[in-house]
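Down below is the structure, laid out as structure tokens.
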Protein chains: 2
Amino acid sequence: VGTGKKNYKSKEGYPAEEELSIEKAKIEDFVGVVIPGGYAPDILRRYAQVNNFVREMFEKGKIVACICHGGWVLVSAGILKGKKVTGFSAIKDDLINAGAEFLDKEVVVDGNLITSRNPYDLPVFCTEIIKKIR
Amino acid sequence: VGTGKKNYKSKEGYPAEEELSIEKAKIEDFVGVVIPGGYAPDILRRYAQVNNFVREMFEKGKIVACICHGGWVLVSAGILKGKKVTGFSAIKDDLINAGAEFLDKEVVVDGNLITSRNPYDLPVFCTEIIKKIR
């Protein structure tokens, strides 16, 4: 989203190439969106286009999955009121203050919303996403 | 707080040496606490001792100052209800959801609570802290 970069590296160095900018992303082209953890969500939530995309995906009943600090984007998308979620413990207060019910579980599925706490939860997190796609 | 390290470097490389751990810090020895920005607050708020220290300082009427992302600690200290604050734009939603009234000003003083948005606000932020100490 406007960074001008084409290539990114994850916290652990895993490379990712930009294939599409958020301005060109169309809701109808996707079955779901996965919001990563680390501090990327602190950057992502600064862009109204990102928050709007996530909210629209959610309202259309498409998969919205997020892990670790990813919940910050859900907060700024304004979709957490009354929702059961989990997330990285450090952002627990932010999720609760946004109206969510916080559960300390490896994965929480509430409708089309799938959330996990940390990288150790990845196996069940990914399993739930795949189940929902099928 | 339990990191075992004695020396730290700021985001810009400025060195800081630990003089005291939070477990040994006594409210009565301080006139105020300044919470820095960057991602340190995301770590700090994970420690109940830090949140408790900040809350007790606040309740005793001592200076509680914070800048940029520092507001996350105020959220977890649970002291923001009905308070006028500012902070880095990315955490605006978290501050509002915690019950604060968010103002987009270089510095906001509400009683003993002093908050600023970003490093460019440092001159007025520091001035308000110094005024309060005098």
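The values are calculated or read from the model by the stated rules, or taken from the named source; none is laboratory data. Note that the structure is a prediction, hence the values are computed from the model and not measured. Heads up, the Cβs are rebuilt from the backbone with ideal geometry, glycines too, and the neighbour counts pull from every protein chain shown. Surface accessibility is based on the protein's heavy atoms, side chains included, excluding ligands, DNA and RNA. Shrake-Rupley method; radii C 1.70, N 1.55, O 1.52, S 1.80 Å.
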(request) Could you tell me what percent of the DSSP beta bridges with both partners in region A:1-110 are antiparallel, to the nearest 5? (result) 35
(message) Please compute the modelled spin-label separation between A:E18 and A:E106, points set 7 Å along Cα→Cβ, answer in nm with one decimal.
(response) 3.6
(request) Using the Kirkwood radius over Cα pairs, work out the Stokes-Einstein diffusion coefficient for region B:15-130 at 37 °C and 0.692 mPa s, in µm²/s as a whole number. (result) 235
(message) Not counting ligands, DNA or RNA, and with a 1.4 Å probe, what is A:E101's accessible surface area in Å² rounded to the nearest 10?
(response) 90
(message) With a 10 Å cut-off between alpha carbons and a GNM built on chain A, which of A:P41, A:P123, A:P15 moves the most?
(response) A:P15
(request) Run through the DSSP bridge list for the protein assembly as shown and note the antiparallel percent, rounded to the nearest 5. (result) 40
(request) Relative to the longest principal axis of the C-alpha atoms of chain B, give the angle of the C-alpha long axis of helix B:122-133, reported between 0 and 90° and rounded to the nearest 10°. (result) 80
(message) Can you give me the accessible area per residue for the protein assembly as shown, using a 1.4 Å probe, in Å²?
(response) 56
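Of the heavy-atom accessible surface of chain B (probe 1.4 angstrom), what whole percent is carbon and sulfur?
Details: 3970 of 7470 Å².
In chain B, the share of accessible area belonging to carbon and sulfur is 53 percent.
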(message) Tell me the angle of helix B:48-59 to the major Cα principal axis of chain B, expressed in degrees between 0 and 90 and rounded to the nearest ten.
(response) 50
(request) Using a Gaussian network model of chain A whose springs link C-alpha atoms within less than 10 Å, name the residue from A:A16, A:A40, A:A98 with the highest mean-square fluctuation. (result) A:A16
